[in-house]
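The values are calculated or read from the model by the stated rules, or taken from the named source; none is laboratory data. Just so it is clear, the model here is predicted, and its values are computed rather than measured. Please note: Cβ atoms are built from the backbone with ideal geometry, for glycine as well, and neighbour counts cover all protein chains shown.
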């Protein structure tokens, strides 16, 4: 991942920008999910109708994920939380937390592919607050590393060798 001690400090800077704007960030991300049927189906009932309550509950957890990614120590408690998030994407626990009847899992390929929109959509938010280009690049790259790290951790739960 090319992770360094500096990346955690840079993520705290990202958190200063992103956490207060989490609703706006989520508007962008939900716009992506809502525009792609193959993603929206994961938050829909068996007839394909999006479940607004489910989407709202997941949105709250997504906002918490942004804050945790930027501000928490990556200790055992954080790893345990990532494991729980991973389980909620797999057949082991998807639908259980929210008591919904939707798709049985979110396919791993969508989690990996979603690294891109979760990253490229963040740069404009950071650029609106960070004027120094070197700092902006460093914070943006730390965000990319952190998003990739979490997707990698979540992917473990899809492996039979887990």
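Can you name the residue in the range 63-87 that is free of Cβ contacts under 8 Å to residues at least 12 places away in the same chain and under 15 Å from the mean Cα position of the chain (by Cα) and is also farthest from residue 42 (Cα to Cα) among such residues?
72
Give the range 130-162 a look and list any residue that's outside any helix (DSSP H, G or I) and modelled with pLDDT of 95 or more, or say none.
130, 131, 132
Inspect all residues belonging to the range 132-149 and state whether any of them is loosely packed, with under 14 Cβ neighbours inside 10 Å and within 27 Å of residue 35 (Cβ to Cβ).
Checked the range 132-149: no residue is loosely packed, with under 14 Cβ neighbours inside 10 Å and within 27 Å of residue 35 (Cβ to Cβ).
I'm told residue 125 meets every condition in (1) modelled with pLDDT of 95 or more; (2) surrounded by fewer than 17 Cβ atoms within 10 Å (Cβ to Cβ); (3) in a helix (DSSP H, G or I); (4) more than 12 Å from the chain's Cα centre (by Cα) except one. Can you identify the failing condition by its number?
(2)
For the range 1-102, which fully contained helices (runs of 4 or more DSSP H) count at least 3 residues that are more than 23 Å from residue 158 (Cβ to Cβ)?
Values: elements: 5-18, 22-35, 37-40, 52-71, 76-89.
Fully inside the range 1-102 and qualifying: 5-18, 22-35, 52-71.
Select from the range 101-112 the residues that are buried (at least 16 other Cβ atoms within 10 Å of the Cβ), out of contact with any strand residue (DSSP E or B) (no Cβ under 9 Å at 6 or more places or on another chain) and within 22 Å of residue 52 (Cα to Cα) and list them in ascending order.
Going residue by residue through the range 101-112, those that are buried (at least 16 other Cβ atoms within 10 Å of the Cβ) are 102-103, 105-106, 108, 111.
Next cut, out of contact with any strand residue (DSSP E or B) (no Cβ under 9 Å at 6 or more places or on another chain) only: 105-106, 108, 111.
Hits for the range 101-112 are 105, 106, 111.
Condition test on residue 115, is it within 30 Å of residue 47 (Cα to Cα), surrounded by 13 or more Cβ atoms within 10 Å (Cβ to Cβ), within 20 Å of the chain's Cα centre (by Cα) and free of Cβ contacts under 8 Å to residues at least 40 places away in the same chain?
yes
For the range 82-100, state whether one or more residues are buried (at least 16 other Cβ atoms within 10 Å of the Cβ), in contact with a helix residue (DSSP H, G or I) (Cβ under 9 Å, 6 or more places away or on another chain) and within 25 Å of residue 6 (Cβ to Cβ).
Yes, the range 82-100 contains a residue that is buried (at least 16 other Cβ atoms within 10 Å of the Cβ), in contact with a helix residue (DSSP H, G or I) (Cβ under 9 Å, 6 or more places away or on another chain) and within 25 Å of residue 6 (Cβ to Cβ).
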